[in-house]
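Have a look at the structure below, then the notes.
Read the figures in this text as sums done on the coordinates, not as results from a lab. Please read these numbers as outputs of a predicted model, since none were measured by experiment. Cβ coordinates were reconstructed from backbone atoms using ideal geometry, including for glycine residues, and neighbour counts include every protein chain displayed.
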Amino acid sequence: MAAITAGIVVFPGSNCDHDTEHAVASFDGVRPVMLWHNEHDLRGADLIILPGGFSYGDYLRAGAIARFSPIMHEVIEFARKGHPVLGICNGFQVLLESGLLEGALSRNRDKKFICSSTTIRVENAATVFTNRYQANDVLSIPIAHGDGNYFAPSEVIERLEENNQVVFRYCDSEGSVIAESNPNGSAGNIAGIVNREGNVLGLMPHPERASDPLLGSSDGRMLFESVFDSLAGRQ
């Protein structure tokens with residue numbers, strides 16, 4: 001099998017880029033490459049990851065300036081060709097600002113930054129990012145964000161639900177989707193969504209911070225395994 005190259009975009013203000021690099025590099029046959037925001041070369045990447053952090057200091061809106069970085073022209077074209085793109089936390093915000101995903105993220109319901117462990121339920125286990133999970137699996141994945149309150153017009157929410165584009169939902173430890181398990185006020189307890197074509201995923205929780213037992217959870221590791229297995233199958 002040819003080596004898989006995972007391109008990790010680094011914006012000014014990214015702070016989870018090396019965490020993501022470490023998680024990716026822990027897989028045999030996977031090579032991470034760091035892609036600076038003002039480049040136009042994806043350097044042969046098979047997968048693009050937009051990591052967490054505070055791109056451009058979150059000025060204007062989280063992800064609003066990063067969306068206009070030179071490399072995003074290449075990322076958008078890469079996604080439109082059907083290649084996988086993963087946006088984590090701030091990366092999710094950038095994907096929404098770029099139009100690759102629908103909806104928006106606003107300030108958390110309680111207007112406070114949240115940094116804690118949370119539980120999410122797998123709603124769609126048939127995507128390239130979740131094929132190693134089972135539907136309704138409950139995962140322990142940390143969150144760290146101030147703008148994680150997902151919302152969209154009612155017709156968009158309905159379309160996401162109908163098309164099975166809601167991939168992860170905040171839940172309690174038993175897998176029940178209840179108001180008390182929603183940390184930020186997101187519509188429908190939504191924690192992550194995929195585009196209609198299924199190749200672009202954005203989520204607020206940090207799977208790279210749950211990719212090794214030493215971190216307290218390895219529940220996020222199968223997300224990376226899923227996409228790497230999918231890419232290996234294509235090769």
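Can you tell me how the stretch 24-153 classifies by the Cα gyration tensor, rounded, prolate or oblate, using a/c under 1.5 as the rounded cut? Each step should come with its number before you reach the end.
Working: a/c = 1.62, a/b = 1.08, b/c = 1.49.
Oblate, since a/c reaches 1.5 and b/c is not below a/b.
Under 1.5 on a/c is rounded, so check that first for the stretch 4-234, then, if it is not, pick prolate when a/b is larger than b/c and oblate when it is not; a ≥ b ≥ c are the square roots of the alpha carbon gyration tensor eigenvalues.
Values: a/c = 1.36, a/b = 1.17, b/c = 1.16.
Since a/c stays below 1.5, the shape of the stretch 4-234 is classed as rounded.
In whole angstrom, note down how far apart the Cα centers of the stretch 120-157 and the stretch 161-196 are.
6 Å
Tally Lys/Arg at +1 and Asp/Glu at -1 over every other residue whose Cβ is under 12 Å from the Cβ of Leu60; what's the total?
-1
Could you work out the relative contact order of the chain? I mean the mean sequence separation of Cα pairs under 8 Å and 6+ apart, divided by the number of residues, in percent.
Values: 550 pairs, mean separation 45.5, N = 235.
Result for the chain is 19 percent.
To the nearest Å, what is the center-to-center distance of the stretch 81-102 and the stretch 1-65, using C-alpha atoms only?
Centre-to-centre (Cα) distance: 12 Å.
Lys and Arg at +1, Asp and Glu at -1: add these up for the other residues within a Cβ distance under 14 Å of Ala232 and post the number. Display every interim value, and only then the final one.
Details: positive: Arg31, Arg132, Arg234; negative: Asp28, Asp46, Glu225, Asp229.
Value of the local net charge: -1.
How much of the DSSP beta bridge set in the chain is antiparallel, as a percent to the nearest 5?
That works out to approximately 55 percent antiparallel.
Largest first and in whole Å, give the semi-axes of the stretch 120-201's equivalent ellipsoid, each being the square root of 5 times a Cα gyration tensor eigenvalue.
On the way: eigenvalues 65, 56, 27 Å².
So the equivalent ellipsoid measures 18, 17, 12 Å along its semi-axes.
If you place +1 on the Cβ of every Lys and Arg and -1 on the Cβ of every Asp and Glu, how big does the dipole about the Cα centre of the chain come out, in debye to the nearest 20?
Charge dipole of the chain: 280 debye, to the nearest 20.
Quick one: which residues, 5 or more positions from Asp137 or on another chain, have an amide H under 5 Å from its amide H? H modelled 1.01 Å from N in the peptide plane, none for Pro or chain starts.
Val122
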